[in-house]
Structure formats: structure tokens, C-alpha cells
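Trainee: I am attaching a structure below and will ask some questions about it afterwards.
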Amino acid sequence: MNVNFQRFFLIHPQQERKVWLDFHDYANKLFAQDAEDFWLNPMQYIFAVKQAQGMLRSDILSIPIIRFFENWLRIHPEALEKWKGKKPTFVCKKILTEEEPLQVLLEVTNGLKNLYPEQLPLVLVLSSPGQWLRLIQNHLSEEKATSFDSEAIESVAIYLADFLRHFSTSGISAILFEDQDDELVCLNEWGELVQPVINVGKHYQWSTGIRLKSDVAEDVLQSLSSLDFILFADASPSAIHSLWQQGLAHIGGGLNENFWNQGEIFPSSDSRGLAFGTIPAMAQPEKVLERLREFRDADRKEG
């Protein structure tokens, strides 16, 4: 059974703030010594995540799908040889049907749900269709890929939707588009292009969100109003806090690089929301724990 994401995270004024931490690279560094097979060794991955979660107590766990495929391609460069000269969309379709990375992901997903049954929402991070196409193109050719047309984006969305059906019984609570170049926001029709993925999410009662690198912008919020949640990875605590004060608790962010490195804090207020951020891989454990303790202590005092 999946944890109801919206009930868990669309926070009521009386509830305390939720904290969503992306700590994969940090956990790999701290508990797996930057193991080369971190992403393809389910037991090692689950152990590192369990150790990190025990320290950090994130209110959500996420699994970045593309990282598993990226590392599988790194270890198996021969896999693409038979598809040299083919279109990136065709190759992406074939890659998503490969058995080994899929089985690793299923083992990881089921392992985490067994560790935390009905406690934490588990989110599959999809990455944008453009990121998948660039991953494939960069392995197929020495020429670096830049952008892709709407037809290519839509095709990959269909392949991703089919891929997600493998997780229908894995206890997933939500799916997250991760768009490092904010290309989806630049496409007025992006919702239509990725509709196959959104439809699968609705069918399995998964919430759908997007993670952006850009700072908060009103036009972005309006264009993405149909989504259940939006994460701004680089947004400052003050920018996110102002949205929470408007009652937009489904907007996450604030735990940016400055928060971890320079001690930037959230303004004092009784507003509630979803604090989100990535812990830098090289962050000092003592400093990370100190920052989280200060943040949570301030939150309890406000409550």
C-alpha cells in the first residue's frame, strides 16, 4: 500500500513543517566510500540509504531512476554498439526495456518499502524526457546534445509511462519530473507532451510533481498549477518562505547550497511548508546535523 502523498505533505497549519532531503551522493560518499557500483548493487544502496535516513530523518525518500541507467551504461558501454546510428528516441525505448537496471530498481524500491512500511512516501524521480535523450545521445555520439523537438519529448514520455507500469505494486506514492535545464517550463505545451506519464500516475493514484533549478517565478507557478507539488532546488529560504505565507505549502525548497554552507536560515514565522534540498556530497556530517537540528529546533519553537 502506498502512503498518500498529498495527505502526508499538503500540510495543515497545525502540523509541523516537513523536510525532504536528497542525500544520495552524500550517502554514497559517507557510507559506501564512493563505490563505483553503488547504483547497481541493491544491498549496498539500501544499506547506505538506511544509514543516512537514520541520521537525517527525511520525511520522504526518493529514487532517481536515471542514475541507475546512467551507471549501467557506464559499466556496459557495449550495450549501445548495436544501436549506433539509430535515433536517440529509438535507443531510449530499447534501453528502458533492459532487464538488469529494471530488476535493480525493483529490488531497491521493494527493499525500501519493506524497511519503511506505511511510514514514508516513496517517490520515483523520472528526470525530464530531454535528460534521457541527452544521456543516450552523449553515449551514441561525440557531439554533445543540446535540445530536442516536441515529437521526441512526447515519444520518450510514452516510453517512460510504459516503464512506470512495472512499479504498479511497489508502494510508490508519487512521481517527480526532474528538469535540470528547466526545458519543460519553456514549453507551453509541456503538460500535453508528458500527459502519458501523468495519466499513469493518476491511474495508480500517484501524485505528480516537478523539480526545477530555476528560482521562484510567478509565471512558472501558473504554468505548472496542475501539478500536485513543485520543488525549486536553488531557491533561497526567504523565497520559499514567502510562498508558504501565501498558503502554498505544496511548494518545496529553501535547503539550497547556501543553507548548508553559509548557514542561511528561514525567516521566523509560524507558516508551514515543505522544506526541500540536496545535501552536498562533500558536506561535513557534523555541519549537516547541526544545520538540521537548528532548523528543526526553530520550527518546534515556532509551533
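Trainee: Take the residues in the stretch 32-75 that are in contact (Cβ under 8 Å) with a residue 40 or more places away in the chain and among the small types (Gly, Ala, Ser); name whichever of them is nearest to Ser127 (Cα to Cα).
Mentor: Ser62
Trainee: I would also like to ask the following. So, in the stretch 84-112, how many residues would count as being in contact with a Phe, Trp or Tyr (Cβ under 9 Å, 6 or more places away or on another chain) and of a type in the set (Gly, Ala, Ser)?
Mentor: The total comes to 1.
Trainee: For Ile95, are the conditions met, namely being touching a strand residue (DSSP E or B) at 6+ places or on another chain (Cβ under 8 Å) and modelled with pLDDT of 90 or more?
Mentor: Answer is no for this residue.
Trainee: Which condition number does Ser128 fail, the rest of (1) at pLDDT 90 or above; (2) within 13 Å of Ile65 (Cα to Cα); (3) not basic (Lys, Arg) being met?
Mentor: Failing condition for Ser128: (1).
Trainee: Restricting the first residue to the stretch 113-140 and requiring it to be in a helix (DSSP H, G or I), which pairs with a second residue that is acidic (Asp, Glu) and modelled with pLDDT of 90 or more meet a Cβ separation below 9 Å and a spacing of at least six or different chains?
Mentor: Pro129/Glu154; Leu135/Glu70
Trainee: If you scan the stretch 285-297, which residues turn out to be surrounded by fewer than 12 Cβ atoms within 10 Å (Cβ to Cβ) and more than 13 Å from Arg57 (Cα to Cα)?
Mentor: Glu286, Asp297
Trainee: Among the residues of the stretch 110-138 satisfying the criterion of being polar (S, T, N, Q) and under 20 Å from the mean Cα position of the chain (by Cα), which is surrounded by the most Cβ atoms within 10 Å (Cβ to Cβ)?
Mentor: Applying the filter and picking the extreme gives Ser128.
Trainee: Could you tell me whether Gly85 is farther than 28 Å from Val19 by Cα and of a type in the set (Gly, Ala, Ser)?
Mentor: Here the answer is yes, as Gly85 does meet what is asked.
Trainee: Condition test on Arg291, is it of a type in the set (D, E, K, R) and at pLDDT below 85?
Mentor: no
Trainee: Being at pLDDT below 90, in a helix (DSSP H, G or I) and under 23 Å from the mean Cα position of the chain (by Cα), is that true of even one residue in the stretch 260-272?
Mentor: Checked the stretch 260-272: at least one residue is at pLDDT below 90, in a helix (DSSP H, G or I) and under 23 Å from the mean Cα position of the chain (by Cα).
Trainee: Now a separate question. Would you mind listing the helices (runs of 4 or more DSSP H) fully within the stretch 7-109 where at least 3 residues are surrounded by fewer than 18 Cβ atoms within 10 Å (Cβ to Cβ) and not polar (S, T, N, Q)?
Mentor: Qualifying helices (runs of 4 or more DSSP H): 42-56, 65-75.
The values are calculated or read from the model by the stated rules, or taken from the named source; none is laboratory data. Predicted, not measured: the structure shown is a model, and the values here were computed from it. Methodologically, a virtual Cβ is constructed for each residue, glycine included, from the backbone with ideal geometry; neighbour enumeration extends over all protein chains shown.
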